[in-house]
1. Select from segment 54-142 those chymotrypsin sites (Phe, Trp or Tyr not before Pro) which occupy a DSSP coil region and have at most 12 other Cβ atoms within 10 Å, ordered by residue number.
2. For Asp113, put the label point 7 Å out on the Cα→Cβ axis and report which residues of segment 49-64 keep their amide N under 14 Å from it.
3. Taking Cα pairs under 8 Å and at least six residues apart, what relative contact order does segment 36-147 come out at, in percent?
4. Select from segment 47-105 those trypsin sites (Lys or Arg not before Pro) which occupy a DSSP coil region and have at most 15 other Cβ atoms within 10 Å, ordered by residue number.
5. In segment 33-147, with Lys and Arg counted as +1 and Asp and Glu as -1 at Cβ, which of these residues, Thr111, Leu58, Gly39, has the Cα nearest the positive end of the dipole, that is, farthest along it?
6. Search the structure for amide H atoms under 5 Å from the amide H of Ala132, placed 1.01 Å from N in the peptide plane, and list their residues when 5 or more places away or on another chain.
7. Assuming a ≥ b ≥ c are the square roots of the Cα gyration tensor eigenvalues, decide whether segment 1-58 counts as rounded (a/c under 1.5), prolate (otherwise, with a/b larger than b/c) or oblate.
8. Pull up all non-local amide H partners of Gly55: gap of 5 or more, or a different chain, and H-to-H distance under 5 Å with H placed in the peptide plane.
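Nothing in this text is a laboratory measurement; each read-out follows from the coordinates by a stated rule. As the structure is a computational prediction, the values presented were derived from the model and not from experiment. Virtual Cβ from ideal backbone geometry, glycine too; neighbours counted across all protein chains shown.
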Amino acid sequence: MLTLTHCFPPDPQAAIALTLSLTADDRTRSRHRFATEEGEEVHLKLPRGTVLSHGDRLTDDSGNIMVLITAKPEPTLMVTADTPLDLLRAAYHLGNRHVPLEIKPNYLRLTVDPVLKALVEQLGLTVQEETAPFHPEIGAYHSPHGH
């Protein structure tokens, strides 16, 4: 089994040997076993607190094998609004509940939760269930790659 210990930022020119597709929650695990898209079992042994992002690259101690991290599509709620203020209001209410949230200029995305869906709909916003890559904000106390 390949033990991945080092994380590097995205590099479109890098030679990639394996691809590891992870959900948003899985990308917060610094110590875990996963299977790559190619069926290879890998063990993450990254510094605690590492948060992986789509496009990051992982290697073992030798640096010989490069593994690409991709954001695995997962069930999500996409929230849209008629006005930016309505979207901002929804982000405020969801943030008060410490919900992992992807924030974009024209939509919010969160994991599927019927209670939160009802809350956002009560605010008058449109909620659509979809399966999509989820890229929540990582928080003010983390650097973009957790290191």
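1. Details: sites: Tyr92, Tyr107, Phe134, Tyr141; in loops: Phe134, Tyr141.
Here the sparse-neighbourhood loop sites are Tyr141.
2. It comes to no residues whatsoever.
3. Details: 156 pairs, mean separation 36.6, N = 112.
Computed value for segment 36-147: 33 percent relative contact order.
4. Details: sites: Arg48, Arg57, Arg89, Arg97; in loops: Arg48, Arg97.
Passing both the DSSP loop test and the Cβ count: Arg48, Arg97.
5. Looking along the dipole axis, the top candidate is Thr111.
6. Here Glu74, Thr76 satisfy the definition.
7. Values: a/c = 1.44, a/b = 1.09, b/c = 1.32.
Rounded is the answer for segment 1-58, as its axis ratio a/c remains below 1.5.
8. Residues meeting the amide H criterion: Ile69, Thr70, Ala71.
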